[in-house]
Amino acid sequence: MISRRHFLQAGLATSALYGASSFGSWSRLAAQQRLTQSDLIGTSGPGTLTVIHVTDIHAQTVPLWFREPEVNLGVGDAVGRPPHLTGAAFRAEFGIEKGSALDYALTYEDFVALGRTYGRMGGLDRIATVVKAIRAERPDALLLDGGDTWQGSLPALKTQGADMVKLFRALGTNAMTSHFEFTLGIDRVTEIVENELGFPFLAANAYDTTWDEPAYPAFELFERAGTKVAVIGQAFPYLPIANPKWLFPDLSFGIRKDRLASVVDEVRAGGAEVVILLSHNGFDVDRKIAADVPGIDVILTGHTHDAIPEPVQVGQTFLIASGSHGKFVSRVDIDVDGGAMKGLTHRLIPIFSDVIAPDPEMAALVEETRAPFKAEMSEVLGKADGLLYRRGNFNGTWDDLICDALLTERDAEIALSPGFRWGSSVMPGEDITREHVFNATAMSYPQAYRTEMTGETLKTVLEDVADNLFNQDPYYQQGGDMVRVGGMGYRIDIHAKIGARLSDMTLLSTGEAIDPTRSYVVAGWASVNEGTEGPPIWDVVEAHIRNKGTVSPSPNTSVVVAG
């Protein structure tokens, strides 16, 4: 872990590789509640090459509430290391004062009270202000997008990502990689990449299965501030497993670390002085990549939605984690000398929407893209009597609500809801609108199925998902959260092997143990299987909220974590 000042491999020698964060200086201002826009954006570090990173926006274009996770467990070497720290442990690691603006932005504790003090975060018009301010100082700064951009809202769903493509072109994006983009279907992705995007769509690990050759450019070479920079793209490796392969049937992905190493060698041979990996692998996968693939200077991580206020160094590589939903922008100033990176300074910029002024041009464009759907999105469905949030390894009140809707509206004994990490929060006392529901459900395979599963099948499904999350080898981790369950409880030992993690599976309606041989009526959504039938999940959730009128989240103790 890099210190809060300068981390030098060998004292303060000028030949040492260094990574520094400006986090400490404005952390003190945040504690004193004296933050200004200038404080947040800051000024350049000693390096002349500037990179701006955003990732996992999930089509959120206006300021929102988003609570960070209470539970984010690591396994193996990741136990107790960022990003697997929350609450007090996170504050202690980074010297954050309890109750400060940074406590609100980066942790979950006292979220409601602190939110009412510090306000919403994010908004592309505020991000545009930050990008323009940095480029006013550094006109050739690179803006790189880590993907999960075209999905996650009603407008993005209805326009098949066209709204986000338009906005990110206006933002001045230089390159992107991808994940949920492919759930629009390969024909739509091809249409966007070839005709609408206007900047490189990079994926070194995406291959055409017919010809076994790269499907997209692996990298883009830039010359900035007199430095040759290679940006390599790495799409989400597990797309055909975690998402419906039938939407992109002729593509394969995977980590492909040997392919990545060969691309690094290729760009170095081509004169690249700085090599940046624009990744959607997930943080723990990238930490292992940094150890396994030499020659990468900076990994801009994505997919797991981690916001870490300091760079993490692995050997000669620095990992940058820029959060999600537009809550943060990372600025990296890279010091290059003698044809190589000597170090960097990093600033994780929290996008406090009450502090950062909206950029008028982007604000108008955001309004233009939202206008056709405004009446539909603003329709009130009910009211929240408690905080609705999604993030956490095992449950969140949004998914509790979705599971309740599936149990009730689909007349099921057990409900399953995928462990997605995207979706905005709703504050207590706030109206629940259709926009809120779509922020938690908007995707291209929304069918709410109703089927029967034996107890044995249920355990197999849950064990498989748990292994995707808690396998001790990061290369086998898919980076989401555990599938949420309704109507059922269980105990889990995350450190056990697959097949032995879950025990004490219980049907909550009767208190009886789940019988491996008995069939249970199960409702769920977001199946990756082609031909899944059922109403879209947003209709199911909307009907449930309307029937209840007021949604009152209650503590969920159905999952017991061992140890």
The stretch 244-265 to the stretch 499-529: how many Å between their Cα centroids? 34 Å
In debye to the nearest 20, the charge dipole size for the stretch 379-561, taken about the Cα centre with +1 at each Lys and Arg Cβ and -1 at each Asp and Glu Cβ, equals 280 debye
Step through the residues of the stretch 502-511 one at a time and calculate ³J(HN,Hα) from phi using the Karplus curve (6.51 cos²θ - 1.76 cosθ + 1.60, θ = phi - 60°), rounding each to whole Hz and writing x for Gly and Pro. 9, 8, 6, 5, 9, 7, 5, 5, 10, x
Long-range amide H partners of ARG484 with built H, under 5 Å: SER417, GLY419
Taking H placed 1.01 Å from N in the peptide plane, check which residues at least 5 places from ASP337 or on another chain put their amide H under 5 Å from its amide H. LYS342
Between the stretch 424-484 and the stretch 346-415, what's the alpha-carbon centroid distance in Å? 16 Å
Just tell me which lysines come within less than 20 Å, Cα to Cα, of LYS132; anything on the same chain fewer than 8 places away is out. LYS166, LYS327
Convert each backbone phi in the stretch 123-135 into a coupling constant with the Karplus relation 6.51 cos²θ - 1.76 cosθ + 1.60 (shift: θ = phi - 60°), then list the ³J(HN,Hα) values in order as whole Hz, x for Gly and Pro. x, 5, 5, 6, 4, 4, 4, 5, 4, 5, 5, 5, 6
Along the stretch 103-108, what does the Karplus equation 6.51 cos²θ - 1.76 cosθ + 1.60 (θ = phi - 60°) give for ³J(HN,Hα), rounded to whole Hz, x for Gly and Pro? 4, 5, 5, 10, 10, 9
One point scatterer per Cα, no solvent, Debye formula: log10 I(q)/I(0) for the stretch 79-141 at q = 0.12, 0.15 Å⁻¹ comes out as -0.45, -0.64
Quick check for me: using +1 on Lys/Arg Cβ and -1 on Asp/Glu Cβ, what's the dipole size of the chain about its Cα centre, in debye to the nearest 20? 1360 debye
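So for the stretch 464-520, what percent of the C-alpha to C-alpha distances run longer than 18 Å?
40 percent
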What does the net charge come to around GLY511 if you take all other residues with beta carbon closer than 14 Å to its beta carbon, with K and R at +1 and D and E at -1? -4
Calculate the all-directions average of the projected area of the stretch 379-561's alpha-carbon convex hull, and give it in nm². 10.1 nm²
Pairs of Cα atoms under 8 Å, at least six residues apart: use those to get the relative contact order of the chain, whole percent. 18 percent
In whole percents, the bins of 10 Å from zero upward hold the Cα-Cα pairs of the chain as 4, 18, 30, 28, 15, 5, 1, 0
Skipping prolines and chain starts, which residues have an amide H placed within reach, meaning under 5 Å, of the one on THR433, given they are 5 or more residues away or on another chain? LEU381
Cα-based radius of gyration of the stretch 148-258 once divided by 2.2 N^0.38 Å, which approximates compact folds: 1.08
As an exercise, identify the GluC sites (Glu not before Pro) in the stretch 526-563 lying in DSSP coil whose Cβ has no more than 12 other Cβ atoms within 10 Å. GLU530, GLU533
For n ≥ 4 DSSP H runs only, could you compute -39500 (n - 2.57) per run for the chain, divide by its residues and tell me the 222 nm figure to the nearest 500? -8000 deg cm²/dmol
Out-of-range pairs (alpha-carbon distance over 20 Å; input LYS257/LYS288; LYS288/LYS342; LYS158/LYS383; LYS158/LYS374; LYS228/LYS342): LYS288/LYS342; LYS158/LYS383
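None of the figures in this text is laboratory data; all of them are computed from the coordinates on show. Just so it is clear, the structure is predicted and the values come from calculations on it, not from any experiment. Every residue, glycine among them, receives a Cβ derived from its backbone with ideal geometry; neighbour counts consider all protein chains shown.
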